[in-house]
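What follows is a short report on a single structure.
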There are 2 protein chains.
Amino acid sequence: MNEPIIKELEEEDIWNGFLTSLDSLRQASNIDKEKAKEVFQKINTNKDHIIAVAELDGKIVGSTTLLIEQKFIHNGGLVGHIEDVVVDKDFQGKKIGEKIMKYLLEIAKNRGCYKTILDCTDDVKPFYEKLGFKHIANELRFDHN
Amino acid sequence: MNEPIIKELEEEDIWNGFLTSLDSLRQASNIDKEKAKEVFQKINTNKDHIIAVAELDGKIVGSTTLLIEQKFIHNGGLVGHIEDVVVDKDFQGKKIGEKIMKYLLEIAKNRGCYKTILDCTDDVKPFYEKLGFKHIANELRFDHN
């Protein structure tokens, strides 16, 4: 297998595997084309919202998001938040997710985050623990409807 | 007891109880004055980063943060993230935290978030469950150092 290229999401990636990779997490590729462009523009102009993708043989096969949060606590410290870790189901088990995670953890570190947090279900906890994450609390959800 | 006023953080609130309230969560009031101003400016110009405070008899006694995240999934949906829920230890048990939370959940709903999530330890889970939150997963943490 060729080595994946890990990089930040570019507009042309959206329809070159990015949305269909997200489908492995939750149906995403049915998004309206104009809406997807609008979402990209909004995220792309926010330097604290970084989407990393893995490109393999010219196609996006996985992605992960890093949000950088400005706090008052920790002397005005920064916290990284990892969201939407996904690898296309046809390319799982090839360490692609691990490579994207390490790429984003490096960015979080370089930006000065003192910690990076994420939420995950029990089944994928070992994946994150291998990367150095530790269980510390619970994730709770409120549905607006 | 007078009723607290729930509102968005203003610059003059920072040194009028906001930072000392945060001390009940984690030492915050030792932040450099210029740094605190800089943090405020950064947060204040980001409409997706909202800090709500409770003012009681002219002094800030509690606060909570809402971050609004733009997703590609959920047809370009928005997710609310609650952070740093705190009430000054001298004013706890007076439903102030509940009022701040309801204020921010209303904002999240009005902004169109389909869900709002937060991380918490076991001891404060019942507080959030009473507000309608449900346990769904684990919070994991990575320390950069």
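Place the label 7 angstrom along Cα→C-beta at A:Arg111 and in each other copy, then list the distances from the first to the rest in nm, shortest first.
Ordered by distance, the counterparts are at 1.7 nm.
Treating only the Cβ atoms of Lys and Arg (+1) and Asp and Glu (-1) as charged, compute the dipole magnitude of chain B about its Cα centre; round to the nearest 20 debye.
My answer is approximately 540 debye.
Please compute, over every Cα-Cα pair in the stretch A:5-130, the percentage with a separation greater than 27 angstrom.
18
Grab the other residues whose beta carbon is less than 12 angstrom from that of B:Ser24, score K and R as +1, D and E as -1, and report the net.
-2
What shape does the protein assembly as shown take by its C-alpha gyration tensor, where a ≥ b ≥ c are the square roots of the eigenvalues and a/c under 1.5 counts as rounded, a/b above b/c as prolate, and the rest as oblate?
Judged from the Cα gyration tensor, the protein assembly as shown comes out prolate (a/c at least 1.5, a/b above b/c).
Rounded to the nearest 100 Å², what is the sum over both chains of accessible area buried where A meets B, with a probe of 1.4 Å?
5600
State in Å² the accessible area per residue of chain B; use a 1.4 Å probe, count heavy atoms of protein chains only, and round to the nearest integer.
Result: 48 Å² of accessible area for each residue.
What angle, in degrees between 0 and 90 and rounded to the nearest 10, separates the Cα long axis of helix B:33-44 from the longest principal axis of the Cα atoms of chain B?
Once rounded, the angle reads 40 degrees.
Using alpha-carbon pairs under 8 Å, 6+ residues apart, how would you state the relative contact order of chain A in percent?
22 percent.
Name the residue from B:His135, B:Ser63, B:Tyr114 whose Cα lies farthest towards the positive end of the charge dipole of the protein assembly as shown, charges +1 on Cβ of Lys and Arg and -1 on Cβ of Asp and Glu.
B:His135
Let me confirm one metric for peptide B:34-43, namely the mean number of other chain beta-carbon atoms within 10 Å of its residues' beta-carbons.
Mean shielding count: 3.
Helix A:96-111 versus the longest principal axis of chain A: what is the Cα-based angle in degrees, 0 to 90, to the nearest 10?
The helix A:96-111 is inclined about 50 degrees to chain A.
Kirkwood Rh and Cα-based Rg: tell me the resulting Rg over Rh for the stretch B:60-145, rounded to two decimals.
0.99
On the protein heavy atoms, probe 1.4 angstrom, tell me the percent of accessible surface of the protein assembly as shown carried by carbon and sulfur.
On the protein assembly as shown, the fraction of accessible area on carbon and sulfur atoms equals 46 percent.
Please compare each pair in A:Lys71/A:Lys109; A:Lys71/A:Lys94; A:Lys115/B:Lys47; A:Lys102/B:Lys71; A:Lys130/B:Lys42; A:Lys134/B:Lys134 to a cut-off of 26 Å on the Cα-Cα distance and tell me which ones are over it.
Pairs exceeding 26 Å: A:Lys71/A:Lys94; A:Lys130/B:Lys42.
For chain A, what does -39500 (n - 2.57) per DSSP helix run (n ≥ 4), summed and divided by total residues, give at 222 nm, in deg cm²/dmol to the nearest 500?
-8000 deg cm²/dmol
What trypsin sites (Lys or Arg not before Pro) in the stretch B:1-69 are in a loop by DSSP, with at most 10 other Cβ atoms within 10 Å of the Cβ?
Sites meeting the loop and neighbour criteria: B:Lys47.
Let me check I've understood the local charge: for B:Val124, count other residues with C-beta under 15 angstrom from its C-beta, Lys and Arg +1, Asp and Glu -1. What total comes out?
With Lys, Arg at +1 and Asp, Glu at -1, the neighbours total -3.
The values are calculated or read from the model by the stated rules, or taken from the named source; none is laboratory data. The structure displayed is predicted, hence computed values, not measured ones. Cβ coordinates were reconstructed from backbone atoms using ideal geometry, including for glycine residues, and neighbour counts include every protein chain displayed. Note: accessible area is taken over every heavy atom of the protein model, side chains too, but ligands, DNA and RNA are not part of it. Shrake-Rupley method; radii C 1.70, N 1.55, O 1.52, S 1.80 Å.
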